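Below: one structure, written as structure tokens.
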Amino acid sequence: MHWHYWYTLFAEQVKETTPLQWVAFAFGVAEVLFARVNNVWLYPTGIIGTILGIYLLFDAKLYADCALNVYYIVMSFYGWYYWIKKADKPPVEITWSNRNEWLITAVISIGGTVFLYYCLTRFLFVFPNYKPSNVPFWDAWISATAWAGMWLLTRRKIENWVLLNLSNVFAVPLLFYKKLPLFGALTIFLFVIGCWGFSDWIKIYNRSRKAKAAPPELIPES
């Protein structure tokens with residue numbers, strides 16, 4: 001591999017990045033960091049970053065990606081509402097997924113892949129100027145697993161990190177194949193944060209279980 005070529009390409013892409021792209025990037029990073037520490041601010045930051053992303057993608061005539069980001073916005077609002085829907089009750093706790101939730105996750109992942117593959121290979125009939133992807137299956141698979149991960153995140157399920165990182169694992173080589181090293185590097189960063197988030201959420205879950213199991217007199221006052 002010609003490392004000098006990749007370094008040069010990476011440096012050139014950074015130089016060509018617009019201020020708006022950097023702002024969208026910053027909100028995207030903030031979303032992941034807030035998610036890692038189980039903070040509800042992950043949703044407003046994610047919504048802002050995604051809206052900016054839609055504008056940038058539409059300007060680049062990447063209409064399918066725009067549609068995917070609309071889904072992320074809808075799920076973010078749903079997750080935001082689901083997270084704080086009842087102020088007089090404890091927030092939704094972090095838990096592992098049950099059988100039904102795993103079934104829904106599988107349907108989103110597999111069904112989403114089929115649906116998106118169909119859309120990506122038929123998009124030309126809707127938008128004559130649309131340039132179809134030369135890797136529609138991987139585009140579809142990466143997006144569908146991310147969809148499933150986002151759904152699990154809205155329900156504060158620990159496995160959301162597994163699905164999101166599964167998407168990231170396939171996205172990294174695809175982004176480098178597409179000669180987008182900046183976004184590939186960002187996805188690697190998101191993968192690392194995802195690993196930390198998975199570990200942190202397990203710790204939060206275990207602490208919650210211990211607190212529930214402990215006698216009331218042993219639970220420290222807040």
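Read-outs throughout are calculated quantities, based only on the coordinates presented, and are distinct from any laboratory measurement. Every value quoted in this text rests on a predicted model; they were computed, and no experiment measured them.
The length gained on full extension between Lys210 and Phe115, counted as 0.36 nm times the residue separation minus their Cα-Cα distance, comes to 29.9 nm. Near the amide H of Glu159, within less than 5 Å, lie the amide hydrogens of Ser97, all on another chain or at least 5 residues away, with H placed in the peptide plane.
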